[in-house]
Amino acid sequence: MSCPAPAGRMLPAGLIALPGVYRPQADTRLLAAALDHEDLGPRTQVLEIGTGTGALALHAAGRGARVTAVDVSWPAVLTARLNALRRRLPQRVLHGHFAARAAPLRFDLVLAHPPYVPAPRARLPSHGPQRAWDADPDGRRVIDRICLAAPARICSAAPASLRPGGILLMVHSGMCGAEETVARLTRARLAAEITATASIPWGPVLRSRRPWLERQGPATRAELWEELVIIRARHL
């Protein structure tokens, strides 16, 4: 069962962002609102995938959790580290792909803010700010990596990073197929559901791709709004 997101949850104010680093937007605030419904404490181990400025990691650390944040972008890693120092909140901020950097640890809560904007190129960008939002043509390349049930020999997905009873919270666009995400997480033996939605006007990236999106099928000529979704999945 989905429900409208709360209108305004507070993320840490005054965050700096180095050039090219994704700043907190509506999807970040929606994920922060979902995080506010989870029990956190000094023993809670949190992993954030795609930390950007570190806003969500700081939000969790401010509630006492022990946070590990990962990002593939060096400017994002440096930004998150600077913001943590400025806030005087302890957390580990690591560079690289979460699967390699988080292994072999297990976490009570995994936050995922993957790139999910459908893009004409199948290959993910290797540099530049678009790394924070560009996915493949269906927008699911990184989402599906997070959803995979990893074989024991390689820790390549969020389900393998969760302790029993642990929670995954992920935000992405409804344009990418929220029900597909729920189905994949269910196959990975997680109890998954859509817990919140929000509608926002199309931003400049989607508007610039409107003709292509209409040809591909994710968008119609009448669409001017994007639905964001929160997927919550519990490790059984």
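The values are calculated or read from the model by the stated rules, or taken from the named source; none is laboratory data. Bear in mind that the values here come from a model prediction, so they are computed numbers and not experimental data. Positions of Cβ are backbone-derived with ideal geometry, glycine not excepted, and every protein chain shown enters the neighbour counts. All accessible areas refer to the heavy atoms of the entire protein, side chains included, with ligands and DNA or RNA removed. Shrake-Rupley method; radii C 1.70, N 1.55, O 1.52, S 1.80 Å.
Considering the stretch 110-133, the residues that are over 17 Å from the mean Cα position of the chain (by Cα) and among the hydrophobic types (A, V, I, L, M, F, W, C) include one that is least open to solvent (accessible area, probe 1.4 Å), namely 119. Of all the listed residues (197, 186, 181), the sole one being of a type in the set (Ser, Thr, Tyr) and in contact (Cβ under 8 Å) with a residue 60 or more places away in the chain is 197. A count restricted to the stretch 104-131 and to residues that are under 14 Å from residue 145 (Cβ atoms) and of a type outside the set (Ser, Thr, Tyr) stands at 6.
Given the options 207, 215, name the one that is free of Cβ contacts under 8 Å to residues at least 24 places away in the same chain, under 20 Å from residue 26 (Cα atoms) and either more than 20 Å from the chain's Cα centre (by Cα) or assigned to a loop (DSSP other than H, G, I, E, B) (or both). If you could, list the steps in order and put the result at the bottom.
Numbers: 215 fails: under 20 Å from residue 26 (Cα atoms).
After applying the criteria, what remains is 207.
If you filter the stretch 189-215 down to residues that are open to solvent by less than 30 Å² (accessible area, probe 1.4 Å) and under 15 Å from residue 139 (Cα atoms), you find that the one that is modelled with the highest pLDDT is 206.
When restricted to residues that are farther than 16 Å from residue 132 by Cβ and of a type in the set (A, V, I, L, M), the stretch 31-56 contains 7.
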